[in-house]
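Each remark here refers to the structure printed beneath this line.
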């Protein structure tokens, strides 16, 4: 099967998009279904083009930037308000909030 044959067999039409929209519980009219089918076919075509690119010998990137991201200074910027917050809680123990058991 050639690339063009594979592409034509994978083309989406408005009827297919309407069926998918129904399964997803989305409401689309005929015009929207046709527009989405066209857009999705463009995206699928672009993915087919990307599949054809030879990436042998290309190392994967951790980041597209040459330098690592700068990190902010590791310092405390907020004070601890746990005592204030737990003072109004219905039940606490050892610094933890107590809640009703949900699973028996």
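Evaluating residue 90 against the criteria (1) surrounded by 11 or more Cβ atoms within 10 Å (Cβ to Cβ); (2) more than 22 Å from the chain's Cα centre (by Cα) leaves one unmet condition, (1).
Those helices (runs of 4 or more DSSP H) of the stretch 6-90 in which 1 or more residues are touching a helix residue (DSSP H, G or I) at 6+ places or on another chain (Cβ under 9 Å) and modelled with pLDDT under 95 occupy 14-23, 30-51.
The values are calculated or read from the model by the stated rules, or taken from the named source; none is laboratory data. Keep in mind the model is a prediction, meaning the values are calculated, not measured. Neighbour counts are summed over all protein chains in view; Cβ atoms, including those assigned to glycine, are modelled from backbone coordinates with ideal geometry.
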